[in-house]
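K.L.:
Please see the structure below; I have some questions.
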Amino acid sequence: IRCGDGVRPVRVLGREAEIIGSVVITSINQVYGNREKYILLEIEVEPRRAGEKISMAQIRVSYNNMMTQRRDEFSKYVTAGFTVDPNFAEENVDRPTMVSAVMQIAAEKSEEAMLLRDAGRIEEAKATVQANAVYLQSNAATLGSDDLAGYGEAMAAEAESIEDEEEWTAARKRMVEDQYEKASQQSY
């Protein structure tokens with residue numbers, strides 16, 4: 001991913017990547033037919049005038065095509081427009097992408113809470129999980145997402161399990177499974 005002028009890559013959510021200046025390099029392994037995998041890149045964009053459109057990034061993908069036994073490549077530009085109209089901006093939010101981004105951020109917070117709990121910092125872990133539940137529920141309402149609402153409810157329940165050693169073992173296992181599922185960044 002080569003970011004355009006005035007666009008700064010901040011981080012890739014839920015996936016290992018290397019950021020060198022305005023270029024992001026990452027890999028996705030084992031993509032099969034009828035499966036879609038994705039990369040969520042958080043960026044900062046310099047302010048622009050309303051009505052202006054810019055090239056946000058050029059995406060270049062290369063892969064080994066198992067059907068043809070050749071290396072294939074394709075490229076695409078991603079553009080964005082700017083507005084001062086909050087209603088227009090709200091109407092044009094890509095809700096599935098935003099839901100995926102919220103899921104990835106919540107999975108990171110879940111992992112952070114798990115590491116805190118494993119280090120014996122129980123109160124901090126519980127506060128992190130509770131804050132994560134609130135974050136998910138808030139975004140569920142904003143984005144109209146049942147998936148986020150369900151994940152938020154699960155996080156709220158896990159917060160209650162953190163203090164009890166026996167309950168924590170089962171909760172930790174569920175959290176690891178959830179983190180793995182979210183990190184796979186795929187849809188069918």
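K.L.:
Take the residues of the stretch 3-27 that are open to solvent by 60 Å² or more (accessible area, probe 1.4 Å) and not in a strand (DSSP E or B): which is nearest to residue 49 (Cα to Cα)? If you could, list the steps in order and put the result at the bottom.
P.N.:
Within the stretch 3-27, the subset open to solvent by 60 Å² or more (accessible area, probe 1.4 Å) is 5, 8, 11, 16, 18-21, 25, 27.
Narrowing further to those that are not in a strand (DSSP E or B): 5, 16, 21, 27.
Values: 5: 15, 16: 34, 21: 25, 27: 35 Å.
Taking the candidates together, the pick is 5.
K.L.:
May I pose another question? Please tell me if residue 135 is open to solvent by 30 Å² or more (accessible area, probe 1.4 Å), under 15 Å from the mean Cα position of the chain (by Cα) and modelled with pLDDT of 95 or more. Walk me through it before giving the result.
P.N.:
Working: open to solvent by 30 Å² or more (accessible area, probe 1.4 Å): yes; under 15 Å from the mean Cα position of the chain (by Cα): yes; modelled with pLDDT of 95 or more: yes.
When the stated conditions are applied, residue 135 passes them.
K.L.:
Considering every residue within the stretch 87-95, establish whether at least one is within 16 Å of the chain's Cα centre (by Cα) and assigned to a helix (DSSP H, G or I).
P.N.:
We begin by selecting, within the stretch 87-95, every residue within 16 Å of the chain's Cα centre (by Cα); these are 93-95.
Imposing the further condition that a residue be assigned to a helix (DSSP H, G or I) reduces the set to 95.
Taking every residue of the stretch 87-95 in turn, at least one turns out to be within 16 Å of the chain's Cα centre (by Cα) and assigned to a helix (DSSP H, G or I).
K.L.:
Then there's this: (1) open to solvent by less than 20 Å² (accessible area, probe 1.4 Å); (2) more than 19 Å from residue 13 (Cβ to Cβ): which one isn't true of residue 124, the others all being true?
P.N.:
Only one criterion is unmet by residue 124, namely (1).
K.L.:
Now for a different question. Select from the stretch 138-147 the residues that are in a helix (DSSP H, G or I) and open to solvent by less than 70 Å² (accessible area, probe 1.4 Å) and write down the one among them that is farthest from residue 95 (Cα to Cα). Don't jump to the end; show me each part of the working.
P.N.:
In the first step, residues of the stretch 138-147 are kept if they are in a helix (DSSP H, G or I); the result is 138-143, 146-147.
Those still in the list that are open to solvent by less than 70 Å² (accessible area, probe 1.4 Å) too: 138-140, 143.
Numbers: 138: 14, 139: 11, 140: 11, 143: 6 Å.
Per the stated criteria, the residue is 138.
K.L.:
Residue by residue through the stretch 57-87, note down the ones that are exposed (fewer than 11 other Cβ atoms within 10 Å of the Cβ) and of a type in the set (A, V, I, L, M).
P.N.:
66, 67, 84
K.L.:
How many of the residues making up the stretch 28-56 are part of a loop (DSSP other than H, G, I, E, B), surrounded by 10 or more Cβ atoms within 10 Å (Cβ to Cβ) and not aromatic (Phe, Trp, Tyr)? Break it down into steps so the answer makes sense when it comes.
P.N.:
Residues of the stretch 28-56 part of a loop (DSSP other than H, G, I, E, B): 28-35, 38-39, 46-52.
From the residues that got through so far, the ones that are surrounded by 10 or more Cβ atoms within 10 Å (Cβ to Cβ) too are 28, 31, 35, 38-39, 48, 50, 52.
From what is left, the residues that are not aromatic (Phe, Trp, Tyr) are 28, 31, 35, 39, 48, 50, 52.
Adding up the residues that qualify gives 7.
K.L.:
Six or more apart or on different chains, Cβ atoms under 9 Å: show the pairs whose first residue is in the stretch 71-82 and small (Gly, Ala, Ser) and whose second is open to solvent by 100 Å² or more (accessible area, probe 1.4 Å).
P.N.:
Cβ pairs passing all conditions: 75/60; 80/53; 81/53.
K.L.:
Which pairs have Cβ atoms under 8 Å, sit 6 or more apart or on different chains, and link a residue in the stretch 118-136 that is aromatic (Phe, Trp, Tyr) to one that is crowded, with 21+ Cβ neighbours inside 10 Å?
P.N.:
Pairs found: 135/102; 135/106; 135/152.
The values are calculated or read from the model by the stated rules, or taken from the named source; none is laboratory data. Quick caveat: nothing in here was measured; it's all calculated off a predicted structure. In this analysis, Cβ positions are derived from the backbone assuming ideal geometry, glycine residues included, and neighbour counts consider all displayed protein chains. Calculation scope for accessible area: heavy atoms of the full protein, side chains included, ligands and nucleic acids excluded. Shrake-Rupley method; radii C 1.70, N 1.55, O 1.52, S 1.80 Å.
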